[in-house]
Every structure is written in C-alpha cells, then in structure tokens.
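Everything below concerns the one structure shown next.
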Amino acid sequence: MHHETPQGKAAFFDVDGTLISTNVVHAYGYYAMNEGTVRGIVGRTAATVASIPLFAGLNLVDRKVFNEFFYRKYAGFTQDRLLTLTEDLFEDVIKPAIFPRAKDLIDEARRSKLRVVLVTGALDFTMAPLARHLGADDLIANKMQFVGGIATGKVIPPIIEGANKANVIRDYCDKHGLSLIKSHAYSDSASDYAMLAVVGRPTAVNPDLRLRALARSYNWPVLDLR
C-alpha cells in the first residue's frame with residue numbers, strides 16, 4: 001500500500017523555562033491555595049512559590065507525583081472561578097515573564113511555515129491566554145476533570161509530562177499528517193529529552209546543565225532567550 005509522505009511540519013514548544021521565566025504550576029497553585037486574587041498578592045513572586053520546600057522537593061523527585069499532588073489542590077473550585085483566576089494570572093505573572101526573544105522564535109517558526117504547538121504539563125485553561133497571545137496554532141496541555149462545573153482535582157489521563165510528551169507529539173503528527181522528522185522541538189529541561197529526541201530538529205533553549213551536556217553530545221543547537 002502506497003503512503004503519501006507527510007509534507008507539513010510543526011514546531012513543538014515546552015513553556016515553563018523555555019518561553020517564560022516563571023513556573024506556572026507553582027505560581028498557579030499559590031494563587032489557587034490562597035484564594036486571593038492574583039492582583040492582591042502579585043508582590044510575592046513565583047520565585048517565592050518555587051522555594052516552598054514541599055513543592056520544590058516533590059518537583060525534583062518526580063514530576064508525575066508532583067503533578068498529581070498539585071492538581072488535587074483544585075478540587076472544589078468552580079470552572080468560572082478558575083477562569084477568572086487564569087486571566088489575572090496571565091496579565092500579572094505570565095505576560096511579564098515571557099522571554100523577550102520568545103516571540104521572535106515563534107514568528108520565525110511561522111515564517112518557516114511550521115504549525116506552532118505549545119506542549120506543557122500545565123493545565124489547558126491556565127495556558128490558553130498565553131497560546132492566544134503568542135498566536136500558537138494549538139495547545140497540548142493537561143486537562144482538569146470537571147463534574148457539573150466543579151473541578152474534581154483529577155487530571156484526565158494521559159498526564160502530559162516527561163516521556164509522555166514524546167508520545168503525544170508522535171500522535172499529533174500522525175493525526176495531522178505532519179512529518180516528525182521535519183518537525184522541530186524546543187525545551188529547557190533534560191526531563192524533556194524524549195520530546196526533543198522524537199523530532200528531527202531538536203533545540204535546547206535556556207538549557208539546564210544536564211540538557212546542555214546532552215545537546216553537546218548530540219550536536220543539538222542551543223539557544224538562549226534570556
């Protein structure tokens with residue numbers, strides 16, 4: 001059976017640390033748990049949140065365990081309340097944290113006729129304003145389960161993180177008839193090694209030490225957007 005070679009290609013972007021300097025998960029959890037409006041507590045930056053020992057520790061140990069623990073904090077929130085918080089969070093925390101050259105990188109991808117896709121372990125409603133702002137074509141993110149408009153605190157599997165990001169990228173290319181080998185991926189973290197290795201054109205962006213070493217050994221390009 002003759003298969004057409006896919007012509008289209010995409011650029012897949014991790015978000016935290018790659019396009020923005022803040023950790024959305026920490027920032028958002030902080031607001032959600034404090035139930036205050038973001039504006040009221042914007043003075044306490046995301047950096048403060050990242051230093052909460054429990055969160056910092058869990059995140060280093062196991063991203064998946066961390067995510068599951070973290071998402072439980074949303075149980076009981078109404079969809080409306082979360083959407084309001086999300087808009088505040090975008091204006092106050094995410095928008096100012098976008099790396100100055102992130103927009104250039106995305107514009108360049110668009111000029112090269114690449115479909116721009118954000119791939120993140122953050123929740124889809126948290127990321128939607130950023131995707132709109134950057135003009136992304138698509139967003140692959142975790143989805144909170146809602147029952148009767150109330151968050152259950154559970155995420156609909158599969159959880160988007162680590163090696164799973166590679167699977168969702170592969171599936172996305174299959175579904176949309178895109179060439180995996182001609183597609184690009186961008187991330188700052190060695191935990192996204194699988195996501196970078198699955199495409200033909202990986203780039204390490206603001207890499208952590210482990211990713212910098214990997215990029216060197218595989219001859220992957222390294223970009224600094226900071």
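Assorted remarks:
- Criterion (acidic (D, E) and farther than 25 Å from T22 by Cβ) met by exactly one of D192, D171: D171
- Residues of the stretch 67-111 that are free of Cβ contacts under 8 Å to residues at least 60 places away in the same chain, open to solvent by 20 Å² or more (accessible area, probe 1.4 Å), within 25 Å of I156 (Cβ to Cβ) and not hydroxyl-bearing (S, T, Y): F69, R81, L83, E87, D88.
Table: residues versus (1) of a type outside the set (D, E); (2) open to solvent by less than 20 Å² (accessible area, probe 1.4 Å); (3) within 17 Å of the chain's Cα centre (by Cα).
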{"residue": "T152", "(1), (2), (3)": "yes, no, no"}
{"residue": "K165", "(1), (2), (3)": "yes, yes, yes"}
{"residue": "I169", "(1), (2), (3)": "yes, yes, yes"}
{"residue": "D188", "(1), (2), (3)": "no, no, yes"}
{"residue": "S191", "(1), (2), (3)": "yes, no, yes"}
{"residue": "P202", "(1), (2), (3)": "yes, yes, yes"}
{"residue": "R210", "(1), (2), (3)": "yes, no, no"}
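- If you go through the stretch 112-150 and keep only what is β-branched (V, I, T), open to solvent by less than 20 Å² (accessible area, probe 1.4 Å) and closer than 20 Å to T22 by Cα, you end up with V117, V119, T120, T126.
- Boolean, T126 is closer than 19 Å to D192 by Cα and at pLDDT below 95: no
- Residues within the stretch 173-186 that are open to solvent by 30 Å² or more (accessible area, probe 1.4 Å) and small (G, A, S), tallied: 1
One line per residue, one yes/no per condition, for (1) of a type in the set (A, V, I, L, M); (2) in contact (Cβ under 8 Å) with a residue 40 or more places away in the chain; (3) within 30 Å of F77 (Cβ to Cβ):
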site: T152; (1), (2), (3): no, yes, yes
site: N167; (1), (2), (3): no, no, yes
site: D192; (1), (2), (3): no, yes, yes
site: M195; (1), (2), (3): yes, yes, yes
site: P202; (1), (2), (3): no, no, no
site: L223; (1), (2), (3): yes, yes, no
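- Within the stretch 212-221, considering residues that are surrounded by fewer than 17 Cβ atoms within 10 Å (Cβ to Cβ) and not in a helix (DSSP H, G or I), the one farthest from the chain's Cα centre (by Cα): N219
- G200 falls short of the stated requirement of being of a type outside the set (F, W, Y) and at positive phi.
The values are calculated or read from the model by the stated rules, or taken from the named source; none is laboratory data. A quick note: this is a predicted structure, and the numbers were derived from the prediction, not measured. Here Cβ is always computed from backbone atoms with ideal geometry, including for glycine, and neighbour counts include all displayed protein chains. Quick note on the areas: whole protein, heavy atoms, side chains included, nothing else; ligands and nucleic acids left out. Shrake-Rupley method; radii C 1.70, N 1.55, O 1.52, S 1.80 Å.
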